[in-house]
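These notes concern the structure reproduced below.
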Amino acid sequence: MDGKLIIGVDIGGTKSAVVLATEKGEIRQRRSEPTQPDLRGPLEVLERLAAMARELLTAENVPSGAVQGVGVSCGGPLDTKTGVVYAPPNLPGWEGVPVKQFFEKALALPVRIENDANATALAEWRFGAGKGTRNFVFLTMGTGIGGGVIIDGRLAHGANDLAGEIGHQTILMNGPLCGCGKRGCLEALASGPAIARLARESALYGRHRRVLTLAGGRPADITAHHIVEAAKEGDPFAIQILEEAGTYMGVGIANVMQMLNPECIALGTIAVHAGDLIMKPIEAAVEEFAWKRIRDACRIVPAALGDRGQDLAAVALWITDSD
Ligand SMILES: [Zn+2]
């Protein structure tokens, strides 16, 4: 063994995974299973993950000395220094859970922890769309709009680990209510649920037939996925919805560009699935709301890692911190 192995632990609301990887991001072994936070308490989930990590080491016949450490990617908010997790929305009941301390004890290895959006940003920076840059921004466009910011070659944490909460910048005063309690956040205007809501509200006007058919005829069941599918078929209503969401997203991205002057911004999830249908309106808004010299220095691209991003997130956060 080369002594360069890393254990990556990804704790998600739906499923969790443990990987054994090299410093280059090659996954040697992987185990995953449903997290079931409603059925199992935090301690039970953590003990199961530690057991999975031990199974991986046994399966690869790895002596404990060959592992550098453990990276843990988990829903935030969390404190990266103490390693305590504070009630992530996707992990009900996880109030004040000392995740870092638990794995340090259970696996007798050094542990680093990062919120999942920051960890995925590090993975895209190390191994994906942002490789080779020093100023990079990653944004997911999924259930929420999460982000991570790398400035001058370092992940920005801010005063208390809330740097990069790009999805909660205000885009529209008195706009729709966001899950965070504020109004008019980018996340309330351009995330998957926000796109579905735009369609549902417009659906009242009767131009939504294709989207509605894809949703089984039930307006309440419309998701962003149905809108992307209908838009790909050329449905004008769905295209218009994506244009509207993309424009909001573009305004948010232009704001980020004006503040950080990044070389590359990578967009995940819906941006990857919808392609030009959302990238074009984003680019049009960026052209309108960001300076040319800033735009000229920056590429806006789809994220490159796809599902591998989550597996590599926990690995990347360990590697990046040890530089
Ligand atoms: Zn918000």
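The values are calculated or read from the model by the stated rules, or taken from the named source; none is laboratory data. Just so it is clear, the structure is predicted and the values come from calculations on it, not from any experiment. Neighbour counts run over all protein chains shown; Cβ positions are idealised from the backbone, glycine included.
It is to be established whether one or more residues within the stretch 196-204 are out of contact with any helix residue (DSSP H, G or I) (no Cβ under 9 Å at 6 or more places or on another chain) and over 25 Å from residue 79 (Cα atoms). Within the stretch 196-204, one or more residues are out of contact with any helix residue (DSSP H, G or I) (no Cβ under 9 Å at 6 or more places or on another chain) and over 25 Å from residue 79 (Cα atoms). Looking only at the stretch 299-323, filter to residues that are more than 17 Å from residue 268 (Cβ to Cβ) and among the hydrophobic types (A, V, I, L, M, F, W, C); which one of those is modelled with the highest pLDDT? Looking at the filtered set, the residue picked out is 315.
Looking across the stretch 287-306 at every residue that is among the β-branched types (Val, Ile, Thr) and in contact with a strand residue (DSSP E or B) (Cβ under 6 Å, 6 or more places away or on another chain), the one that is surrounded by the most Cβ atoms within 10 Å (Cβ to Cβ) is identified as 300. Restricting attention to the stretch 1-32 and to residues that are farther than 20 Å from residue 115 by Cβ and of a type in the set (S, T, N, Q), the residue that is surrounded by the most Cβ atoms within 10 Å (Cβ to Cβ) turns out to be 29. In the condition set (1) away from the ligand (no atom under 11 Å from the Cβ); (2) more than 16 Å from the chain's Cα centre (by Cα); (3) at pLDDT 95 or above, residue 150 is compliant with all but (2). If I filter the stretch 18-30 for residues that are at pLDDT 95 or above and either more than 12 Å from residue 311 (Cα to Cα) or β-branched (Val, Ile, Thr) (or both), do I get at least one hit? Yes - at least one qualifying residue is present in the stretch 18-30.
Please find, among 55, 124, 104, the residue that is exposed (fewer than 15 other Cβ atoms within 10 Å of the Cβ) and part of a helix (DSSP H, G or I). Working first, answer last.
Numbers: 124 fails: exposed (fewer than 15 other Cβ atoms within 10 Å of the Cβ); 104 fails: exposed (fewer than 15 other Cβ atoms within 10 Å of the Cβ).
Being exposed (fewer than 15 other Cβ atoms within 10 Å of the Cβ) and part of a helix (DSSP H, G or I) holds for just one of 55, 124, 104, which is 55.
Every test in (1) buried (at least 16 other Cβ atoms within 10 Å of the Cβ); (2) under 18 Å from residue 134 (Cα atoms) is passed by residue 254 save one, and that test is (2). Looking at the stretch 209-238 only, could you name the residues that are crowded, with 24+ Cβ neighbours inside 10 Å and part of a loop (DSSP other than H, G, I, E, B)? Scanning the stretch 209-238 gives a single hit, 222. State all residues of the stretch 165-201 that are part of a helix (DSSP H, G or I), more than 8 Å from the ligand (Cβ to nearest atom), under 13 Å from residue 141 (Cα atoms) and out of contact with any Ser or Thr (no Cβ under 6 Å at 6 or more places or on another chain); if no residue qualifies, say none. Within the stretch 165-201, 166, 189, 190, 193, 194, 195 meet the criteria.
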